[in-house]
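Enquirer: Encoded as structure tokens, here's the structure I'll be asking about.
Only the coordinates and a few stated rules stand behind these numbers; no lab work does. No experiment lies behind these values; they were computed from the predicted model shown. With ideal geometry, Cβ positions are generated from the backbone for all residues, glycine too; neighbour counts draw on all protein chains shown.
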Amino acid sequence: MTVTTNLATPARALAIGAHPDDVEFGCGATLAKWAADGCEIHHLVCTDGSKGSWSPDEDVAALVAARQIEQRAASKALGGTGDVAFLNWIDGELEAGLRQRWEVCHWIRRLQPDVVLGHDPWKRYRLHPDHRAAGFLAVDAIVAARDPHFFPEQGAAPHRPSSLLLWEADEPDHVEDVGRFLDAKVAALLCHRSQYRTTLHIDDPDDVDQVARFRKRMADRAADHGTLAGIDAGERFKLLSEL
Ligand SMILES: [Zn+2]
């Protein structure tokens, strides 16, 4: 297997995640690197994030609103200047159906990204159904977006991205060198304050030791990802470049 590194900085990138915070975990440092080099960064979040709490008494409407604000702040922390869009399908119930594909296709045609990033839907033993569905939506919507006979009622010009990068890849074969941009990734993840307990595993946001341990976990993961290409700190992906 040939491992490639470092795509040319795209003019526009669209990252498609199932939930607020997935994009930051999957490709946050890569987006920060590209944003610093002039790339327009866009986020598309498929669900409303309404399951993102372990508290049975959670005010779900307030949680959904908070997570949108957190996601916008996280995009800014990455240097993002583009759209942060929410499809608002119910968290945990996302399907890779035609209606959802229509919407994702619409955003691809509207934003015309050179690179699309998303979950790898073919990752074996992946538990979360939304991550599978969001991955398939990214793939299927690219096929629809590039061909004028799919969804012609959209009235938008077809668009074919040049590359698709899939994070949490079953067979990673591409690494982005992200050394200087790990801080931006961590800063963006720390914007997701409602998720500290459930996904960041920080009980107390004001506990500097816990935050430091989280930072260390992200650095360790980047070091691990980098080994595929002999890079000190990386984010690894499956690269599809014949779209
Ligand atoms: Zn998720």
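Enquirer: Residues with beta-carbon under 15 Å from that of residue 62, excluding residue 62: net charge, scoring Lys, Arg +1 and Asp, Glu -1?
Expert: Residues close to residue 62 contribute a combined charge of -3.
Enquirer: Gaussian network model of the chain, Cα springs within a sub-10 Å range: biggest mean-square fluctuation belongs to which of 78, 228, 44?
Expert: Looking only at 78, 228, 44, the biggest GNM fluctuation is shown by 228.
Enquirer: Using the count of nearby Cβ atoms within 10 Å as a rough guide to exposure, how do 23, 3 rank from fewest to most?
Expert: 3, 23
Enquirer: Most mobile of 103, 70, 40 per a Gaussian network model of the chain (Cα springs, under 10 Å)?
Expert: 103
Enquirer: Between rounded, prolate and oblate, where does the chain land on the alpha carbon gyration tensor, with a ≥ b ≥ c its root eigenvalues, rounded for a/c under 1.5, else prolate if a/b exceeds b/c?
Expert: It is oblate, given that a/c is not under 1.5 and a/b is not larger than b/c.
Enquirer: What is the distance in Å between the Cα centroid of region 130-189 and that of region 1-78?
Expert: Their Cα centres are 12 Å away from one another.
Enquirer: Percentage of Cα-Cα pair distances in region 106-243 greater than 27 Å, rounded to whole percent?
Expert: Roughly 34 percent, rounded to a whole number.
Enquirer: Could you please rank 192, 106, 19, placing first whichever residue has the fewest other Cβ atoms within 10 Å of its Cβ?
Expert: 106, 192, 19
Enquirer: Tell me the mean residue ellipticity at 222 nm calculated for the chain from its helices only (DSSP H runs of n ≥ 4, each -39500 (n - 2.57), averaged over every residue, nearest 500). Before the final figure, lay out the partial values.
Expert: Details: 6 runs with 91 residues, N = 243.
After summing the helix terms and dividing by residue count, I get -12500 deg cm²/dmol.
Enquirer: Let me ask another. Normalised by the number of residues in region 71-218, what is the relative contact order in percent for Cα pairs under 8 Å and 6+ residues apart?
Expert: 28 percent
Enquirer: What is region 1-85's relative contact order, in percent, from Cα pairs under 8 angstrom and six or more apart in sequence?
Expert: Once divided by the residue count of region 1-85, the mean separation gives 36 percent.
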